[in-house]
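Step one of this worksheet: look at the structure below.
The values are calculated or read from the model by the stated rules, or taken from the named source; none is laboratory data. Source: prediction; values computed, not measured. Backbone-built Cβ (ideal geometry, glycine too); neighbour counts: all protein chains shown. Ligands, DNA and RNA are excluded from the accessible area calculation, which covers all protein heavy atoms including side chains. Shrake-Rupley method; radii C 1.70, N 1.55, O 1.52, S 1.80 Å.
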Amino acid sequence: MFEGFATRHVETGEASVFVRYGGDGPPVVLLHGHPRTSATWHRVAPLLVERGFTVVCPDLRGYGRSRGPAPTPDHSAHSKRAVAADVVAVMRALGHERFALVGHDRGAAVAFRLVLDHPGAVERVALIDCLPISEHLARITPEFATQWWHWFFFAQPDTPERVINADPDAWYRGDPRVMGRENHDEFRVATRDPEVVRAMLEDYRAGLTVDRRHEEEDRAAGTRVRCPALILWSLRDDLEQLYGDPLRIWRDWATDVRGHGIDSGHHVAEEAPQDLAAALGDFLRA
């Protein structure tokens, strides 16, 4: 995976962030979702390098090979605001003050927070399989609670750690034929690590508490995404099924919005890398 890419750990003050980076050209950051690592981009990143970009793929705080501080009672140590600050610090350490930004799933929530907190750092943002967390919570239905029940299970204290760590391979399932063997092996090492599992759960606990509060404060203040925003979603996932056209919701949060669905399951970077790289490349070059 990632032939020609370099790797390093960047110390941000609060976290030690593992990052892969390669290519030459305008910088773009790819942020993975739960329960993946930066390896989920192993098919997309080289395609963007071929299109002339410098591509940076970090493991989010606590995920994969990145490490952060111990969890805090208010979950702020794993808030999207804290993780977004990690990404800015990583990019500055690599010599990039401004960059394009792509996030999938939980990584998209981090990307959304980053562009709100650090608007001067982001040229363009692409958000995949994502709505603002507060929008999900404002639209809770029996269908949402049934299909996304893990949000509320992960938010419970202690119990999810015991359940997941009792048999992580059964809980976190992945097919190496779909994911790619090396990506699957890296994902499996991460999900078998109780420290990683704890951090991933703290991500969700933060989502229902401090992250939601930050979004509600932004909404009340009229804070919006001002840079161009591309919204993509997996047609064989349930975002459109639950909410209809995601662009309609995102237009309340962003000034310049466009996007479309991609014929894929949830892990689009692994399942439809060519289509995803084409959509990202066209948007980032516009």
- Item | Exposed-site-free run, longest, the chain (rule: GluC sites (Glu not before Pro); DSSP loop; at most 11 other C-beta within 10 Å) | 98-286
- Task: Using a Gaussian network model of the chain whose springs link C-alpha atoms within less than 10 Å, name the residue from A170, A89, A108 with the highest mean-square fluctuation.
- Result: A170
- Query: How large are Rg and Dmax for the chain when only the alpha carbon atoms are used, in Å?
  - Reply: 17.3, 48
- Item | Per-residue SASA entry for D237, accessible area with 1.4 Å probe, Å² rounded to 10 | 50
- Task: Count charges around A229 for me, please; just the other residues with Cβ under 13 Å from its Cβ, Lys/Arg as +1, Asp/Glu as -1.
- Result: +2
- Task: At 1.4 Å probe size, with every protein chain present, just tell me what the per residue accessible area of the range 137-286 comes to in Å².
- Result: 49
- Query: Where does the range 1-156 land on Rg(C-alpha)/(2.2 N^0.38 Å)?
  - Reply: 1.04
- Note on the structure: Connecting every pair of Cα atoms under 10 Å apart in the chain and solving the GNM, the largest mean-square fluctuation among P35, P69, P46 falls on P69
- How big is the range 22-92 in terms of Cα radius of gyration and Dmax, in angstroms? 13.5, 44
- Excluding P168 itself, what net charge comes from residues whose Cβ is under 11 Å from its Cβ, given Lys and Arg +1 and Asp and Glu -1? -1
